[in-house]
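Bear in mind that the values in this text are calculations on the coordinates, not laboratory data. In this text the structure is predicted, and so the values were computed from the model without any measurement. Please note: Cβ atoms are built from the backbone with ideal geometry, for glycine as well, and neighbour counts cover all protein chains shown.
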Amino acid sequence: MATDIEAITDTLNTSGHQGGRQFQGLFKAIPFKATLTDTTMTASKAATCDLDVTGAALGDFVMIASGADLTDGILTANVSAANVVTVTIYNPEDTDAITPFAGGVVCKGLVLKPNENVWGSLD
């Protein structure tokens, strides 16, 4: 897996922030944001970078959204270790290179920590 993302800036963590009512009682939300910049990504390659997000743990859900068109790139994020969210962008094009974060793109995300009182009852 190529590591083409050059910089991550403006990480933000507001521990204890509760999400919207649709998740009330199911999750505790930890918001974060990052400005991503990169070099041109060749066809069929992925790039990753790690963000420090205090409170993130294996088993937590991660949602991420880009503030710009990613030029056919696929953006995902997951908790890869305690307090670490790994952001991945994938270029699915067979022949074309892309530059999904040209000029810097702000991405916003949420780490959703499951309420074990709810999720544990599903065992």
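Of everything in segment 81-122 that's outside any strand (DSSP E or B) and of a type in the set (Gly, Ala, Ser), which residue is surrounded by the most Cβ atoms within 10 Å (Cβ to Cβ)? In this case the residue turns out to be Gly104. Checking the stated criteria, Asn78 turns out not to satisfy the condition of being of a type outside the set (A, V, I, L, M, F, W, C) and over 11 Å from the mean Cα position of the chain (by Cα).
Checked against the criterion of being crowded, with 18+ Cβ neighbours inside 10 Å, within 25 Å of Lys113 (Cα to Cα) and free of Cβ contacts under 8 Å to residues at least 60 places away in the same chain, segment 37-46 contains not a single residue that satisfies it. Within the set Asp50, Asp69, the sole residue that is free of Cβ contacts under 8 Å to residues at least 12 places away in the same chain and closer than 18 Å to Leu36 by Cα turns out to be Asp69.
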